[in-house]
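A.B. asks: Structure in C-alpha cells, see below.
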Amino acid sequence: MNERRERLPARDNSRYAKMPGPLSFFMNPKEKYLYHQIHPLKLFTDVGAAFVSLFLLWRHQLAFALVVMLAPPILVSCLLMRYADLEPYRQSAFGKYIARSMSHAMEAVRGAGMAITALGAWRQSIWIIVLGCAIVLFGWLRGKISNTHFSL
C-alpha cells in the first residue's frame, strides 16, 4: 500500500496521503487496463457476449452478432476502468499472475482466438470453435504452461 504511494511525485504525496477511498484511484491508466480484465463483471460480460454472439453468428445474423460481441464488453470496460476499485484484483494471486504474464501479444492471441471462434460459428464448425477456444485459453494460461518468457 505504501509502496504504491511512494511512486507518486513528492509534491503530490501530502495531498493524497489522507484521502479516503479506493487505492485504485492511484493506478495509472495502464494498470487499470490490465487489472480490469480480471474483474468478475468483465469476465462474465466477455463470456456472455461471446456465447450470445456465437449463437447469432451460427444463425448468420452478422450485424446483431457484432453489436453483442463488441458493445457490452467495451461499455463494461469503460465503466470498470473509470469507477471500480481494482486494487483488490491487483493484490490477488490472479492479479500478480497477469502482471507477470499478460502482454499485448497475449491479448492479441486471445483476440485472434475469438476471431477464429467467430469464424467457426459462422461456418457452423464445432472443430473450428474448439480450436478458437483453445487459443483463447492459451492466451490466458501461457504463463502457467511455460515459465519462459517469449515474445510474439
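Read-outs: derived from the displayed coordinates by stated rules, not from any lab. Model, not experiment: these values are computed from the prediction. Backbone-built Cβ (ideal geometry, glycine too); neighbour counts: all protein chains shown.
A.B. asks: How long is the gain from Ala63 to Gln124 if the chain were fully straight, where each residue apart is worth 0.36 nm and the alpha carbon distance is subtracted?
C.D. replies: Details: separation 61, 0.36 × 61 = 21.96 nm, distance 1.72 nm.
Roughly 20.2 nm would be gained on extension.
A.B. asks: Assuming a viscosity of 1.002 mPa s and a temperature of 20 °C, what translational diffusion coefficient in µm² per second does Stokes-Einstein assign to segment 56-152, Rh being the Kirkwood radius over Cα pairs?
C.D. replies: Values: Rh = 15.2 Å.
The Stokes-Einstein estimate is 141 µm²/s.
A.B. asks: Follow-up question, since we're still on this one. Could you please state, rounded to a whole Å, how far the C-alpha centre of segment 87-152 is from the C-alpha centre of segment 50-64?
C.D. replies: 21 Å
A.B. asks: Pop the C-beta distance of Leu75 and Phe55 into the FRET formula with R0 = 25 Å and round what comes out to the nearest 0.05.
C.D. replies: Efficiency for this residue pair is about 0.80.
A.B. asks: Okay, moving on. If N is the number of residues in segment 65-115, what value comes out of its Cα radius of gyration divided by 2.2 N^0.38 Å?
C.D. replies: The value comes to 1.35.
A.B. asks: Lys and Arg at +1, Asp and Glu at -1: add these up for the other residues within a Cβ distance under 12 Å of Leu34 and post the number.
C.D. replies: +4
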